[in-house]
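Down below is the structure, laid out as C-alpha cells.
The values are calculated or read from the model by the stated rules, or taken from the named source; none is laboratory data. Just so we're clear, the structure is a prediction, and the values are computed from it rather than from any experiment. Using ideal geometry, Cβ is built from the backbone for each residue, glycine included, and neighbour counts are taken over all protein chains shown.
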Amino acid sequence: MAKFDYDLITIGAGSGGVRAARLSGSYGARVAICEEDRVGGTCVLRGCIPKKLLIYGSHFADHFQDAANYGWTVPEPNHDWMQLIANKNAELDRLNGIYLRILRDNNVDLHEGRGTLVDEHTVEVGGQNITGENILVAVGGWPTFPDIPGIEHAISSNEALELKELPEKMVIVGGGYIAVEFVGIFSGLGVEVTEIIRADTVLRGFDEDIRFALDEEIKKRGINLMNETVVRSIEKTDSGYCLRLAGSETIDTDLVMYATGRRANTQNLGLEEAGVCMRDNGSIVVDECSRTSVDHIYAVGDVTDRIQLTPVAIQEGHAVVETLFNKNPIVVDYADVPSAVFSTPPIATVGLTEEAARHRYGRVDVYISRFKPLIHTLSGREEKTIMKLIVDPNSDRVVGCHMMGMDAPEIIQGIAIALKCNATKAQFDATVGIHPSAAEEFVTMRDKRPDPEDADGTE
C-alpha cells in the first residue's frame, strides 16, 4: 500500500497549479488539486483574460471615431456595459469548463475548498485530510490596500470587473500596470477618470522613455493624471465619495478603485507550521528549482514574488513536474522574459531598461524612434509610437527592446526570440523590414542617441 494518498498535492488551481497537476497526471502520478474558488485562478477569472476582453471593448470608441476620416459614416454609438460583462462572464465559464475537463482527462482529483497544511505531508481541505509525497503551493496573489481612513469604501480590480453599472466619474489610485490598464478601460467607455500616483510618473521599473511617453499619452486622452499625489482619507458623501489629499485639496467622485499592489495569498495556509520560510510580505522563499525550505514542498507563480506573469508561473509549474516525475530536471531561465502592459496605447518590453543596462555595462548605445503611426495620418489622432533599442557596444548584442504603441505586445513577442538568441545590432540591421509596418522600425534605426556622459552630448 502506498505511503501517501497522492504523489503530488497542488494547493491552488490557477495557471501554474493546473499546468503542474495535469502534466503530473499525464506522467502517471497520483495527483490532487485544491481550490476554494473556480478553477482557472487570477489570470482566467480576475486578471489577464477578463481584463483584456474589457480592453478590447473600450477600444471601439476610438475605432468609431477614427473611421470618419477613412470614409465611414458611423451613427452615434451607444455602449451596453452589462452586455459586455455578461459576454465576458460567458467566456470565463467556457474557459473554466475547459480547465475542469483538462484536469479530469488527466485523472486529477479536484478537492473543493482552501487547502491548508496540517504538517509537511498533510493537507486539510473540505473537512478531510489528504496526504501527499510532494506538495506544490500555487495560490497566487491578492489585491492590497493602504491603511488609511475610509479605505473600506474603495474597490479593487476584482470588483471593477463585475460592476453593475459604469460611474460617471471615478478615481483610480496607483501607477502600476493594473492601474493604467483600468484607466484605459474606463476612460475608453466614457467614464471621467482621475488617476492618482505617488511617483513622478506611471510604471515604476519600466524604461524611463517609455514611462514618460505613456504619461503624455494618458494626459492627451483627457485623463486627469495627478503625479506625486497622496490620498490621506476617503469619506462617504450623499452623492458619492470625497478623497482628501495631502494638503487641503479634495476630489469628489462616484467610485474609488485602488490598484496599489498585490500580496501573496498565503494567509492561513499553515506554511509556518510546516516549516516553510516566508518573507515579511508573505511570499514564499524558494530556490532555483522552486523548492521551499522543506525539501518536498514547492511553490510557483505570484506566491513566490519572482516574476509575476502567468507564462512564468506555467513554466515554473512545468519545470517542477519535469524534475519530479519525468527524470528531466529543468531550471527556469528568468533572463529576457518579455512582458506587456495593455494600457492605451499598449507597452511591451524585453531585456534591460537603459538604466539597468548602464548599471551593468557602463556605456551603452541607445537607438530611439518616435513617430505618428501610419493609421493616424488619416484618422487625425495625435497618438505617437516610441521604439527603443539598447545595445552593449562591446559585444554589439541587443540587451533591451522597448515599445509603446499599437501592436507593441505582438511585435515584442517576436523580438524576444531574437534577444534570447543573443542577436546583435548588426543582425537587426541586416534583417529586411516589412513595409509599411511599425515593426520595421526596429531593423532600420541607425542613429545612436548621444551619450549623456559625453561633454557635448545633447539629445
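Suppose we keep only residues that are of a type outside the set (S, T, N, Q) and farther than 14 Å from His296 by Cβ within the stretch 6-19. Which one would you say is surrounded by the fewest Cβ atoms within 10 Å (Cβ to Cβ)?
Narrowing the stretch 6-19 to residues of a type outside the set (S, T, N, Q): 6-9, 11-14, 16-19.
From what's left, farther than 14 Å from His296 by Cβ: 12-14, 16-19.
Details: Gly12: 33, Ala13: 31, Gly14: 33, Gly16: 34, Gly17: 28, Val18: 28, Arg19: 24.
So, considering only residues that are of a type outside the set (S, T, N, Q) and farther than 14 Å from His296 by Cβ, the one surrounded by the fewest Cβ atoms within 10 Å (Cβ to Cβ) is Arg19.
Which one of these is at negative phi, outside any helix (DSSP H, G or I) and of a type in the set (A, V, I, L, M, F, W, C): Ile102, Ile172?
Numbers: Ile102 fails: outside any helix (DSSP H, G or I).
Ile172 is the lone residue from the list that is at negative phi, outside any helix (DSSP H, G or I) and of a type in the set (A, V, I, L, M, F, W, C).
Out of the stretch 178-195, which residues are closer than 30 Å to Arg358 by Cα and touching a strand residue (DSSP E or B) at 6+ places or on another chain (Cβ under 6 Å)?
Residues of the stretch 178-195 that are closer than 30 Å to Arg358 by Cα, as a first pass: 178-181.
Within the stretch 178-195, just Ala179 meets the criteria.
Tell me, please, whether a residue that is aliphatic (A, V, I, L, M), closer than 30 Å to Val321 by Cα and exposed (fewer than 15 other Cβ atoms within 10 Å of the Cβ) can be found in the stretch 273-293.
Scanning the stretch 273-293, I find at least one residue that is aliphatic (A, V, I, L, M), closer than 30 Å to Val321 by Cα and exposed (fewer than 15 other Cβ atoms within 10 Å of the Cβ), so the answer is yes.
If you go through the stretch 232-255 one residue at a time, do you hit one that is among the basic types (Lys, Arg), closer than 16 Å to Ile172 by Cα, touching a residue at least 24 places away in the same chain (Cβ under 8 Å) and not in a strand (DSSP E or B)?
no
Condition (residue is in contact with a strand residue (DSSP E or B) (Cβ under 7 Å, 6 or more places away or on another chain) and acidic (Asp, Glu)) applied to the stretch 65-82: is it met by at least one residue? Quick ask: steps written out before the conclusion?
Residues of the stretch 65-82 that are in contact with a strand residue (DSSP E or B) (Cβ under 7 Å, 6 or more places away or on another chain), as a first pass: none.
No, the stretch 65-82 contains no residue that is in contact with a strand residue (DSSP E or B) (Cβ under 7 Å, 6 or more places away or on another chain) and acidic (Asp, Glu).
Can we say Thr377 is without any contact (Cβ under 8 Å) to a residue 12 or more places away in the chain, under 30 Å from Leu189 (Cβ atoms) and not assigned by TED's automatic domain parsing to the domain that holds Gly175?
Values: without any contact (Cβ under 8 Å) to a residue 12 or more places away in the chain: yes; under 30 Å from Leu189 (Cβ atoms): yes; not assigned by TED's automatic domain parsing to the domain that holds Gly175: yes.
So Thr377 passes the test.
Is it true that some residue in the stretch 359-370 is touching a residue at least 12 places away in the same chain (Cβ under 8 Å), in contact with a Gly (Cβ under 6 Å, 6 or more places away or on another chain) and among the charged types (D, E, K, R)?
no
Residue check, Ile151 against (1) more than 25 Å from Val321 (Cα to Cα); (2) β-branched (Val, Ile, Thr); (3) within 21 Å of the chain's Cα centre (by Cα), all met but one. Which one?
Failing condition for Ile151: (3).
Inside the stretch 135-158, can you point out the residues that are in a helix (DSSP H, G or I) and in contact (Cβ under 8 Å) with a residue 12 or more places away in the chain?
Kept after step one, since they are in a helix (DSSP H, G or I), are these residues of the stretch 135-158: 151-153, 157-158.
Scanning the stretch 135-158 gives Ile151, His153, Ser157, Asn158.
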